Amino acid sequence: IATSTHGTGSNLQSLSGQVESLRLILPDGEALSLTREDGDTFLAACCSIGALGVVSEIGFRLEPAYRLKERTWTLPLQEAMDFVEREKDNFRHIEFFAFPLGEQAIVKTMEITDDPTDSSEREDSNDLLELVCKVAMRAGWLTPNLQKLVTLFVEDSTYTGPAHKVFANRRTVRFNEMEYTVPAEDGIACLQEVCETIRKQDINVFFPIEFRYVAADDRLLSMYHDRPGASLSIHQYFAQDYQPLFTAVEPILRRYAGRPHWGKLHTLGQRQLRELYPAFDRFQAVRRELDPQGRMLNQHLQTLFGATG
Ligand SMILES: Cc1cc2nc3c(=O)[nH]c(=O)nc-3n(C[C@H](O)[C@H](O)[C@H](O)COP(=O)(O)OP(=O)(O)OC[C@H]3O[C@@H](n4cnc5c(N)ncnc54)[C@H](O)[C@@H]3O)c2cc1C
C-alpha cells in the first residue's frame, strides 16, 4: 500500500484506496490506530512510501472470494488502443501490452464469472521472453520483427479459475521500469506519442509497455489522488541500458501531467512532485508533525521530501 500499487479497471482503486484502518508505529515508538475519522493523518498513512513510520496492521476492504474469466489475444497496436479506450468501462479489468516497434499488442480482459469449471493449468514459462530479450539486446535490427512475431506465439485464449490464481503470473525475467500515471482521458494520446518517439529514435526495446486504468481515490500521495488515471509502464530488459529509453519518454509523460509511481524509477525531486501531487503539502504537514526530526528519511526520501522538513 505504501506505493499505491495497483492493478487495472476503471472502477477499481489502488491498494492504498482499499485501506479502512491501520496501525502506525511512529519513530518515537508511539502507536497510532487510524481510521478515516483521523483525517489527513489516515489519508497520508495509507500511501506513505515508508516516510511516516512502520505500518504494523492493515484493515482492508474485502469481498467474498470470486472467480474470474480471463481472455488474452493479440491485435494490431492501433486497434488495441481503440478497443481498450472504447471498452474501458465495460470490463472489470482491461489492459494491453504495446509493442511499439512491431506495432502489435497483447490485450487482456477479466470478468467475474459463475462458471465453476477450472481451466487446466496455463503455460506460465518465461523462457521464451528471456530468450527473445537476449536476442533483441544483441541484434537490435531484429527487434521490430521479433515484436511482430508476438502474434504467432500468443493464441486467443481464455482461462477460468479462482481470482487469486487468475491474477497471479510468474515474472522471472528481470527488468527496469518507469511508470507514470496520466489523466485517464489523455492516456491513449500519451501512449501514441511515447510509441512514436520510440520508433523515431529507433530505441532498441523488446519489452512491451503496459497500459492500465485505475479509479480515483483520496489518499494524499496516491498517483490517483482526485483523478482517474491511465498508467503507462515502460520496461527495459535488466541487462540493457535503460537510460536511452527512459530519458526519451519521461519528458512526454511529464508533459501529460504524469505522476510517477513511487515504487519505480523516475528522476523527480520535491519541487516537481509538489506541482504534480495536489495534496503534497498536506502530506508534508502530517510528516513533519509525526516525524519532526526526519528520522524515517533515507537518501531517496530526502530527495522526495527534503532533508527533514
Ligand atoms: C515483478 C513486479 C511486478 C510488479 N507489478 C506491479 C503492478 O502490477 N502494479 C504496481 O502498481 N506495481 C507493481 N510493481 C511495483 C510494486 O508496486 C512496488 O515494487 C511495491 O512498492 C513493492 O512493495 P513491497 O512491499 O514488495 O516492497 P518494499 O520495498 O518492501 O516496500 C515498498 C515501500 O513500502 C514501504 N514499506 C514497506 N513495508 C512497510 C511498513 N510495514 N510500514 C511502512 N512502510 C512500509 C517501504 O519503505 C517502501 O517505500 C511490480 C514490481 C515487480 C518487481
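Each reported figure results from applying straightforward, stated rules to the coordinates on display, with no laboratory input. No experiment lies behind these values; they were computed from the predicted model shown. Positions of Cβ are generated from backbone atoms using ideal geometry, with glycine treated the same way; all protein chains shown enter the neighbour counts.
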Taking each pair of different alpha-carbon atoms in segment 20-145 once, compute 1/r for the pair, average those values, and report the inverse of that mean as the Kirkwood hydrodynamic radius in Å to one decimal.
19.3 Å
From the backbone phi of segment 67-77, what are the Karplus-calculated ³J(HN,Hα) couplings (6.51 cos²θ - 1.76 cosθ + 1.60, θ = phi - 60°) in whole Hz, Gly and Pro given as x?
10, 10, 10, 9, 10, 10, 7, 10, 9, x, 3
Kindly express, to the nearest 10 degrees and within the range 0 to 90, the angle between helix 187-200's C-alpha long axis and the longest C-alpha principal axis of the chain.
60 degrees
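Divide by every residue of the chain the summed helix terms, -39500 (n - 2.57) for each DSSP H run of at least 4, and state the resulting mean residue ellipticity at 222 nm, rounded to the nearest 500 deg cm²/dmol.
Values: 11 runs with 96 residues, N = 309.
Mean residue ellipticity at 222 nm (helix-derived): -8500 deg cm²/dmol.
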How high is the FRET efficiency between ASN145 and GLN299 when r is their beta carbon distance and R₀ equals 45 Å, given to the nearest 0.05?
0.60
May I ask you to sort MET296, MET223, MET81 by Cβ crowding, counting other Cβ atoms within 10 Å and putting the fewest first?
MET296, MET81, MET223
How large is the convex hull of the C-alpha atoms of the chain per residue, in Å³?
134 Å³
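Taking the mean number of other Cβ atoms within 10 Å as a proxy for protection, how do you rank 46-58, 27-39, 188-200 from highest to lowest?
Numbers: 46-58: 19.2, 27-39: 12.6, 188-200: 17.5.
Going by the mean number of other Cβ atoms within 10 Å, highest first, we get 46-58, 188-200, 27-39.
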What FRET efficiency comes out for LEU26 versus LYS264 if R0 is 35 angstrom and r is the Cβ-Cβ distance? Round to the nearest 0.05.
0.80
Taking 7 Å along the Cα-to-C-beta vector as the label spot, tell me the GLU103-ASN90 distance in nanometres, rounded to one decimal.
2.5 nm
Using the structure shown, select from LYS134/LYS200; LYS108/LYS148; LYS88/LYS148; LYS88/LYS134 the pairs with a Cα to Cα distance greater than 27 angstrom.
LYS88/LYS134
